[in-house]
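Rule-based calculations on the coordinates, nothing more; no lab input. Note that the coordinates shown come from a computational prediction; the quantities given were computed from them, not determined experimentally. Cβ placement follows ideal geometry from the backbone for every residue including glycine, while neighbour counts extend to all protein chains displayed.
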Amino acid sequence: MPNEVKSLNEECGVFGIWGSEDAAELTYLGLHTLQHRGQEGAGIVSLTPMGVRRHRGLGLLSEVFAQPDQLRELYGRASLGHVRYATAGGRILENIQPLLFRFSDQSIALAHNGNLTNAQSLRRQLEAQGAIFQSTSDTEVLMHLIRRSDKIGFDAQLDQALNTVQGGFAFMLLTEHALYAASDPNGFRPLVIGRLANGAVVICSETAALTAVGAQFVRDVQPGEVIRVDNTGMHSHAYTKRTQLAVCAMEFIYFARPDSTIHGVNVHQARVRLGEQLAREQPTPDGDIVCGVPNSSLSAAIGYARESGLPYEMGLVKSQYIARTFIQPTQALREKSVRMKLSAIPEVVAGKNVVLVDDSIVRGTTAIQIVKLLRAAGAKSVHLRISSPPLRFPCFYGIDIQTMDQLMAAQYTVSEMRDRLDVDTLGFLSVTGLEEGIGLRSDAPHHGLCTAYFTGDYPTELGDYETSYQAELALRPINLEEVSA
């Protein structure tokens, strides 16, 4: 998760509600639950008796809404909120969502989780036709496409725009007449529907946010589906029939909260199964204790300990009150921040053969620092076990790893990684073990998961990224079979 020590981040969290008098307050609570999905900025737009109003800003949700009046001014029966971590566009106020567009005939708010793979080429085309963009975010492209559509009616215009953009997206829009939600044809990013006791409909990124506001889970938004909620109820239709489920595997491995459920699979239980499978595939015969890296790796560590029969110990402790490491401007400061955030317990690890379970290795800098902490605390040996396959390929659907030089496993063999990390052994989970461990009930390829980060097998065309990706790939020979050393 972005507020942890790993240098991997995902764009963003969305939360919308239609039909409740305290919509803005509930949206705030929902966004607070989704804060792990984005910490760069936050915003809420509401349909109030005075019209469509918005408050947004840079920083954490509590910083953006530090004054009680900021929520009171958003009183109304419908709201749309967003927490942002940028993968496309810079860290400027204009990019903080929901974006709000005021036209002569209506006002429309737009929020987006994901990344459009053809946004750059579409933007060039639109600008050549006279479009004027107010942000550098790929999200704004959708609104220009909607307004330039030759279809009759907003729903048809939205469908045409959704069929034009490509990549990973969970869009939400709030108009003066309805709340809309739409998922890309692969369902890369999660989007769920809930209902409050008063009949209000809630749509958001994770079921944990439904729980936080007291909403009953209804169902997941399906790939290629548009949901419209208005005063007549909830309506659904497919904007495309060319769909194939490919949920981002990193949602289960790392991003989503453990108390969330995605397409019927609880995240915590999936991570426990990944840990159990990892223990079967990458055992540690001379291990004494199992330790997880707080917080997203703790479930996998529990599974590893359970399957291996080794005791689970809290060898690492995380401080909850330290600034986010991924925003530090230099590598030296990021490394110091890791030491501020994590500490090893010498009384637990000293003289022990420690099996350290982590969920993934991205750049490797955090793992290096954690191993140093364990060795300084007296660990006899450190055996690193990763509950996902090696991250060797970029993501173009909403995670900020878009070049292979950002990935340790793309630059080094597993043996070289073991030496650079200064661990005694290193073992990763297989792709097959990942798919079976998560256990999505789907007959789609890879059990309904996107595993492109591990295999290079992308479910869609890469659009604007294709040329640079192929050029980079040609320079890097990669052995997909190597998972341990």
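Odds and ends about this structure:
- Considering only the chain, percent of DSSP beta bridges that pair antiparallel, nearest 5: 80
- Average Cα contact separation per residue, the chain, under 8 Å, 6 or more apart, as relative contact order %: 14
- Packing rank of 106-115, 396-405, where each peptide gets the mean count of other beta carbons within 10 Å, highest leading: 106-115, 396-405
- Prolate/oblate/rounded label for the stretch 162-261 (Cα gyration tensor, a/c 1.5): oblate
- Shape of the stretch 13-243 from the C-alpha gyration tensor: rounded (a/c under 1.5, with a ≥ b ≥ c the square roots of its eigenvalues).
- Sorted on the mean count of surrounding Cβ atoms within 10 Å across their residues, most packed first, peptides 121-131, 184-194 read 184-194, 121-131.
- Cα-centre dipole for the chain with unit charges at Cβ (Lys and Arg positive, Asp and Glu negative), debye to 20: 700
- Footprinting exposure proxy for R54, R219, R306, R37 (fewest neighbouring C-beta atoms within 10 Å first): R219, R306, R54, R37
- Legend: ranking of residues L93, L407 from fewest to most surrounding C-beta atoms inside 10 Å; resulting order L93, L407.
- In the stretch 13-243, Cα pairs under 8 Å separated by at least six residues give a relative contact order of 20 percent.
- Crossing angle, helix 331-341 versus the chain [Cα axis fit, 0-90 degrees, rounded to tens]: 80
- Total lysine pairs in the chain at Cα distances under 27 Å, for residues eight or more apart or on different chains: 21.
- Contact order relative to length of the stretch 18-140, as percent, for alpha carbon pairs under 8 angstrom and 6 or more apart: 26
- The chain: C-alpha gyration tensor shape, a/c 1.5 cut-off, then a/b vs b/c: prolate
- With R₀ fixed at 51 Å, the C-beta to C-beta distance from N295 to S104 puts the FRET efficiency at about 0.55.
- Modelled this way, with points 7 Å down the Cα-to-C-beta line, the labels at I152 and Q406 are 4.5 nm from one another.
- Each residue in I203, I262 was given a count of other beta-carbon atoms within 10 angstrom of its own, and listing them fewest first yields I262, I203.
- Taking each residue as 0.36 nm, the span from S135 to R339 lengthens on full extension beyond its C-alpha to C-alpha distance by 69.8 nm.
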